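Contents: one structure, followed by commentary.
The values are calculated or read from the model by the stated rules, or taken from the named source; none is laboratory data. Computed from a predicted structure; not experimentally measured. So basically every Cβ, Gly included, is an ideal-geometry build from the backbone, and we count neighbours across all protein chains shown.
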């Protein structure tokens with residue numbers, strides 16, 4: 001991991017929420033940090049190019065918009081990459097991870113409605129040839145305030 | 001003003017802010033241009049979505065792996081149904097827990113009903129934090145398992161509708177390298 005400048009650290013830790021709803025939000029952020037607007041924009045662009053940040057945008061609560069679920073499949077190791085490729089082809093899949101477990105492929109599906117969601121799960125089952133565990137959210141016990149990064 | 005009530009407009013707006021704002025001086029004006037409306041309507045639309053409580057947060061979305069948090073453990077717990085709410089709130093209070101959700105069991109294949117996500121600098125750190133939860137929340141008799149992530153095959157913001165040809169620019173901008 002490379003070293004992050006003080007400005008980068010503050011941007012990454014203090015602006016995971018509260019994006020200003022103003023015409024020039026990056027200028028507002030710059031004012032809070034005591035730097036130029038162009039410096040904020042250039043820094044964010046660089047962090048995005050490096051893959052440190054995914055985007056400046058909104059994170060929605062599950063199931064507030066459309067229908068979503070966490071799904072899992074148990075796939076033999078030799079077929080895992082091929083199965084992951086099939087799953088990735090669905091536009092409704094936005095996260096897809098390998099995890100250490102008998103159920104080794106975990107993915108999040110978000111669709112316009114419940115019917116489309118179930119169709120996607122059925123299509124994935126049929127294409128991959130393995131049953132899918134459908135684990136929709138029932139209750140949320142956490143208010144996501146972003147992640148507190150500990151700089152060492 | 002009809003447009004403000006238009007659900008198609010709101011769906012398009014939700015998709016764009018979910019995929020990410022453009023990194024330009026006036027991002028909301030750029031979004032307005034894309035949607036064929038005014039900047040005021042974009043800002044009002046986002047405020048309306050926020051007022052409904054649909055957003056968790058709106059800002060910089062970081063990739064934990066690139067920030068040195070290499071270990072990601074999904075810790076799953078088999079909690080008696082009558083204790084789920086109490087235990088869920090206990091686990092959800094810690095800053096190193098980034099998600100805490102109740103999900104259904106799928107017996108006999110899957111018997112865990114509470115899911116919590118822990119990001120740590122290495123596996124030992126995640127395991128230690130799970131043990132801390134066991135101690136603090138009184139879960140000594142509860143079975144749990146840590147599913148560490150290995151390869152990431154895909155990670156991006158959600159899309160809420162099927163892709164249409166006119167969306168291709170917005171869609172492309174949303175796709176970033178795997179974290």
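When the strands (runs of 3 or more DSSP E) confined to the range B:53-144 are screened for residues that are within 22 Å of residue A:51 (Cα to Cα) and in contact (Cβ under 8 Å) with a residue 40 or more places away in the chain, those reaching at least 1 such residues are found at B:55-62, B:71-77, B:114-120. Of all residues in the range A:9-25, at least one satisfies being in contact (Cβ under 8 Å) with a residue 40 or more places away in the chain, surrounded by fewer than 22 Cβ atoms within 10 Å (Cβ to Cβ) and more than 8 Å from every other protein chain (Cβ to nearest Cβ).
Scanning the range A:26-63 for residues that are touching a strand residue (DSSP E or B) at 6+ places or on another chain (Cβ under 8 Å) and free of Cβ contacts under 8 Å to residues at least 60 places away in the same chain returns A:44, A:47, A:48, A:52, A:53, A:54, A:55, A:56, A:57, A:58, A:60.
Looking only at helices (runs of 4 or more DSSP H) that fall completely inside the range A:33-152, which ones have 1 or more residues that are modelled with pLDDT under 95 and either surrounded by fewer than 17 Cβ atoms within 10 Å (Cβ to Cβ) or outside the structural domain of residue A:11 (by TED's automatic domain parsing) (or both)? If you could, list the steps in order and put the result at the bottom.
On the way: elements: A:37-49, A:80-88, A:114-128.
Those helices (runs of 4 or more DSSP H) span A:37-49, A:114-128.
Taken residue by residue, the range A:112-132 has at least one member that is closer than 26 Å to residue B:49 by Cβ, within 7 Å of chain B (Cβ to nearest Cβ) and in contact with a helix residue (DSSP H, G or I) (Cβ under 9 Å, 6 or more places away or on another chain). Could you go through the range B:70-78 and let me know if any residue there is closer than 23 Å to residue A:70 by Cα, more than 21 Å from the chain's Cα centre (by Cα) and more than 8 Å from chain A (Cβ to nearest Cβ). The answer is yes, given that some residue of the range B:70-78 is closer than 23 Å to residue A:70 by Cα, more than 21 Å from the chain's Cα centre (by Cα) and more than 8 Å from chain A (Cβ to nearest Cβ).
Quick one: would you say residue B:115 is within 9 Å of chain A (Cβ to nearest Cβ), surrounded by 20 or more Cβ atoms within 10 Å (Cβ to Cβ) and modelled with pLDDT of 95 or more?
On the way: within 9 Å of chain A (Cβ to nearest Cβ): yes; surrounded by 20 or more Cβ atoms within 10 Å (Cβ to Cβ): yes; modelled with pLDDT of 95 or more: yes.
It is true that residue B:115 is within 9 Å of chain A (Cβ to nearest Cβ), surrounded by 20 or more Cβ atoms within 10 Å (Cβ to Cβ) and modelled with pLDDT of 95 or more.
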